[in-house]
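Asker: There's a structure below that I have some questions on.
The values are calculated or read from the model by the stated rules, or taken from the named source; none is laboratory data. Being a predicted model, the structure only gives us computed values, none of them experimental. FYI the Cβ positions are ideal-geometry reconstructions off the backbone, even for glycines, and counts take in every protein chain you see. Accessible surface areas use protein heavy atoms only, side chains included; no ligands, DNA or RNA. Shrake-Rupley method; radii C 1.70, N 1.55, O 1.52, S 1.80 Å.
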Amino acid sequence: MKAKVVITDYVWESLDVERNTLGDLAELVALKTKKPEEFLSQAADCDALLNTYAGPITADVMAKMPKCRIIARYGIGVDTIDLEAATRAGIIVTNNPTYCIEEVAEHTMALLLACARKIAFYDRLVRAGRWEVPPGKPIYRLAGRTLGLVGFGNIARQVAIRAAAFGMRVVYADPFVKEGPGKKVELDVLLSESDIVSLHPPLTADTRKLMNDAAFSRMKPSAFLINCARGPVVDTDALVRALDSKKIAGCALDTTDPEPLPDPHPLRGRENVIIIPHAAWYSEMAMEGLQAGAPGEVRRVLSGQWPVNVVNKAVKGKNRAGL
């Protein structure tokens with residue numbers, strides 16, 4: 001008998017990849033939901049769950065899926081899934097940590113350059129019929145400036161290498177990383193020394209609203225903030241206050257809290273704010289890697305193999321899959 005695999009939600013046109021990966025092993029049920037109460041009627045008897053954004057997937061939700069052996073996330077972050085509850089329930093949780101490393105690093109550099117060179121501001125100026133340099137002043141050359149990377153995982157390391165090629169000095173703050181390309185410093189030092197602060201931590205209880213009033217008050221008034229991580233790492237109200245009081249020079253956000261950002265919203269319409277609709281991860285190549293990763297992990301578990309990118313490693317040896 002085929003296993004039942006439920007897709008809670010997805011943002012691509014075709015499910016050919018999923019069908020090709022799982023077709024002989026599983027019956028696929030594809031949904032487009034946002035909350036557990038919308039997918040649980042179908043997922044109550046599932047053997048595996050494929051998940052993009054729908055959540056949060058809590059202990060209560062897991063208790064209503066007694067046969068579920070694996071929750072496979074299409075993306076990198078697993079902040080929508082209660083990992084400790086999954087481990088207790090014996091459910092393996094996997095993610096897809098490598099599909100968009102280059103894309104997010106490139107996007108971070110694009111936003112860094114856009115802030116430093118006032119690209120979006122000048123584009124709007126010319127569109128409005130003005131051809132003038134002075135309104136964009138001051139502008140500083142990047143070579144010799146300091147980039148501070150908050151969190152130093154795979155993506156931040158790639159940003160560090162790219163920034164070094166521009167002649168930037170790179171510092172990073174990460175409690176879990178000992179060494180890498182750049183100089184390790186405490187977060188307070190990073191905030192006070194950096195000309196551009198770029199956020200790359202996972203969203204956890206410790207990093208939620210990490211960028212608060214106190215953090216912004218430590219930054220240089222000439223510094224920019226870039227967020228290509230998770231919206232809630234930044235306290236949005238504190239960011240608005242920092243911009244209003246000119247504590248920082250501006251920001252570029254690929255991701256916001258809330259998301260999508262309501263219209264109107266005090267962050268919208270500012271000349272020194274760039275907002276992107278959570279697109280840093282995307283390229284045609286990343287899309288292929290994104291779509292293939294999670295179904296591949298489900299296939300491994302259904303075939304009796306230990307998956308590649310397990311997030312809750314403590315579940316090994318005491319899981320519903322018997323692996």
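Asker: Just in the stretch 173-268: which GluC sites (Glu not before Pro) are loop by DSSP and have at most 12 other Cβ atoms within 10 Å?
Answerer: Glu179, Glu186
Asker: Another one. In the Gaussian network model of the chain, springs joining C-alpha atoms below 10 Å, which of Arg88, Arg230, Arg127 carries the largest mean-square fluctuation?
Answerer: It is Arg127.
Asker: Could I ask something else about it? Step through the residues of the stretch 304-313 one at a time and calculate ³J(HN,Hα) from phi using the Karplus curve (6.51 cos²θ - 1.76 cosθ + 1.60, θ = phi - 60°), rounding each to whole Hz and writing x for Gly and Pro.
Answerer: So the Karplus estimates, Gly and Pro as x, are x, 10, 6, x, 7, 10, 7, 8, 9, 4 Hz.
Asker: In vacuum, with every alpha carbon of the stretch 145-244 counted as one equal point scatterer, what does the Debye formula give for log10 I(q)/I(0) at q = 0.17, 0.20, 0.22, 0.25 Å⁻¹? Two decimals, please.
Answerer: -0.69, -0.96, -1.16, -1.46
Asker: Could you work out the helix-only [θ] at 222 nm for the chain, with each DSSP H run of four or more residues adding -39,500 (n - 2.57) and the total divided by the number of residues, to the nearest 500 deg cm²/dmol?
Answerer: Taken over the chain, the calculation gives -9500 deg cm²/dmol.
Asker: Could I ask something else about it? Could you work out what % of the accessible surface of the chain is carbon and sulfur, using a 1.4 angstrom probe and leaving DNA, RNA and ligands out of the count?
Answerer: With neighbouring chains kept in place, the figure for the chain is 54 percent.
Asker: Subtract the Cα-Cα distance of Tyr53 and Val240 from 0.36 nm times their separation in residues, and report this length gain in nm to one decimal.
Answerer: Extra length available between Tyr53 and Val240 comes to 64.7 nm.
Asker: Report, ordered by chain and residue number, the lysines lying within cross-link reach of Lys246, taken as a straight Cα distance under 22 Å and ignoring same-chain residues fewer than 8 apart.
Answerer: Lys118, Lys137, Lys209, Lys220
Asker: Among bridges DSSP assigns within the chain, what percent are antiparallel (round to 5)?
Answerer: The antiparallel proportion sits near 0 percent.
Asker: On average, how much accessible surface per residue is there in the chain, in Å², for a 1.4 Å probe, leaving out ligands, DNA and RNA?
Answerer: Normalised by residue count, the accessible surface of the chain is 48 Å².
Asker: The stretch 104-159 to the stretch 264-319: how many Å between their Cα centroids?
Answerer: That distance is 26 Å.
Asker: Then there's this: Local charge sum around Ile92 (other residues, Cβ-Cβ under 10 Å, Lys/Arg +1, Asp/Glu -1)?
Answerer: Local net charge: +4.
Asker: Let me ask you something else. Name the GluC sites (Glu not before Pro) in the stretch 231-323 that are in a loop by DSSP and that have at most 16 other C-beta atoms within 10 Å, would you?
Answerer: Those that pass, being in a loop and sparsely packed, are Glu271.
Asker: Counting Lys and Arg as +1 and Asp and Glu as -1, what is the net charge of the other residues whose Cβ lies under 13 Å from the Cβ of Asn20?
Answerer: So the environment of Asn20 carries a net charge of -2.
Asker: Going by average Cβ density within 10 Å per residue, which order do the peptides 144-155, 256-267, 209-220 take, highest to lowest?
Answerer: My ranking of the peptides, most packed first, is 144-155, 209-220, 256-267.
Asker: For the chain, restrict the atom set to alpha-carbon positions and state the Rg and Dmax in Å.
Answerer: Considering the chain through its Cα atoms, Rg and Dmax are 21.5, 71 Å.
Asker: Quote the relative contact order of the chain in percent (integer), defining contacts as alpha-carbon pairs under 8 Å separated by 6+ residues.
Answerer: So the answer I get is 19 percent.
Asker: With Cβ to Cβ distances under 10 Å as the rule, what net charge do the other residues near Lys2 carry (K, R +1; D, E -1)?
Answerer: After counting each charged neighbour, the total is -2.
Asker: Label the stretch 1-51 by shape, choosing from rounded, prolate and oblate, from the square roots a ≥ b ≥ c of the eigenvalues of the Cα gyration tensor; if a/c is under 1.5 it is rounded, and otherwise prolate applies when a/b is larger than b/c, oblate when it is not.
Answerer: oblate
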